[in-house]
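Visitor: The structure that follows is given in the form of structure tokens.
Read-outs: derived from the displayed coordinates by stated rules, not from any lab. Predicted model only: the values in this text are computed from it and were never measured. Note: ideal-geometry Cβ built from the backbone for every residue, glycine included; neighbour counts use all protein chains shown.
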Amino acid sequence: MLNFRNTNIIFSLLLLAIAWFSTRGLISYWYFAWLLIAYSLLLFYGSYFIQSGFFMNSVCSAKTMKKEIAISFDDGPVENYTPEVLSILKQHNIQAAFFCIGKNVAAHSTLLQQIHNDGHVIGNHSFTHSPWFDLFSHKKMSVELTMTDDTIKKITGFKPRLFRPPYGVTNPMLKKAVATGNYISVGWSMRSYDTVIKDEKKLLKRVTRKIKPGDVFLFHDKCLSTLKILPTFIQFVQQKGFDIVRLDKLLDIDAHE
């Protein structure tokens, strides 16, 4: 399996080989530039695609033949549109997972309590969800995760074990922070891109075009388009013979301490 450690070993050997051949005039020094470009592209791929497991392991789906999937929501809770999302889930007797931003939890503690009371999984999604989060040191990341844990625990009485990286981006600093906090990193197998796709028909088409047993769907409970398609999505999934189960049940992991 290609990961950060193996990549560094391979590219170090290639670098030595290029250096040896270039000093003897057998190849051009331009090979150093091509090697750097290739290395940079691999790092980008490993950072951006959480399913690759390049820097750290993340659970992104379940290995199962049962027609079961899980749905998850990131970035809440928010006044618009978390209550409506919760209402739809309750109407359909579905339990989902909510990966919450700590500062939003602090601002909307009643909503988090409702999420908890309705039986949904609550996960950690950092405290600020800063656009610079990926550049933080592992210590600063750990501070954010701990602050979110503490805020959630004050309201629910438990510490979440599940963590979803902001933007789904991983790197060596995050790997260390996750290990320090003993979290389980959770990704997804179907990304809705509901923060980008505002057209309801296009969004519904994307999330229903191919559903597989064990899929984990990523939505955001701050998007109007998601709120609009959610009932239709649930009905479509169920008509296809799938059950929507809670994330921790699908993945067979403990969600809380």
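Visitor: Please find, among G46, G76, the residue that is within 18 Å of H125 (Cβ to Cβ), of a type outside the set (D, E) and surrounded by 15 or more Cβ atoms within 10 Å (Cβ to Cβ). Don't jump to the end; show me each part of the working.
Guide: Working: G46 fails: within 18 Å of H125 (Cβ to Cβ).
From the options G46, G76, the qualifying one is G76.
Visitor: Could you please let me know if V85 is closer than 30 Å to T148 by Cβ, hydrophobic (A, V, I, L, M, F, W, C) and in a loop (DSSP other than H, G, I, E, B)? Talk me through it step by step, then tell me what you get.
Guide: Values: closer than 30 Å to T148 by Cβ: yes; hydrophobic (A, V, I, L, M, F, W, C): yes; in a loop (DSSP other than H, G, I, E, B): no.
Spelling it out, it is not the case that V85 is closer than 30 Å to T148 by Cβ, hydrophobic (A, V, I, L, M, F, W, C) and in a loop (DSSP other than H, G, I, E, B).
Visitor: Here's another thing I want to ask about it. Which one of the conditions (1) on the phi > 0 side of the Ramachandran plot; (2) without any contact (Cβ under 8 Å) to a residue 24 or more places away in the chain; (3) within 30 Å of the chain's Cα centre (by Cα) does G53 fail to meet, given that it meets all the rest?
Guide: It is condition (2) that G53 fails.
Visitor: Here's something else I'd like to know. Within the set of pairs 6+ apart or on separate chains, which have a first residue in region 4-27 that is within 25 Å of F49 (Cα to Cα), a second that is hydroxyl-bearing (S, T, Y) and assigned to a helix (DSSP H, G or I), and C-beta atoms under 7 Å apart?
Guide: Correct list of pairs: F11/Y39.
Visitor: Here is a follow-up. Scanning region 189-232 for residues that are touching a strand residue (DSSP E or B) at 6+ places or on another chain (Cβ under 7 Å) and more than 19 Å from R246 (Cβ to Cβ), which turns out surrounded by the most Cβ atoms within 10 Å (Cβ to Cβ)?
Guide: D194
Visitor: Quick one: in region 52-82, which of the residues that are polar (S, T, N, Q) and assigned to a loop (DSSP other than H, G, I, E, B) is farthest from G119 (Cα to Cα)?
Guide: N57
Visitor: Now a separate question. Which numbered condition trips up G123, out of (1) within 29 Å of P172 (Cα to Cα); (2) in a loop (DSSP other than H, G, I, E, B); (3) in contact with a Pro (Cβ under 8 Å, 6 or more places away or on another chain)?
Guide: Every listed condition holds for G123 apart from (2).
Visitor: Let me ask something additional. Inside region 167-257, counting only helices (runs of 4 or more DSSP H) that do not spill past its ends, which hold 3 or more residues that are within 14 Å of the chain's Cα centre (by Cα) and hydrophobic (A, V, I, L, M, F, W, C)?
Guide: none
Visitor: Restricting attention to region 66-102, report how many residues are under 18 Å from the mean Cα position of the chain (by Cα) and more than 22 Å from M190 (Cβ to Cβ).
Guide: Selection size over region 66-102: 2.
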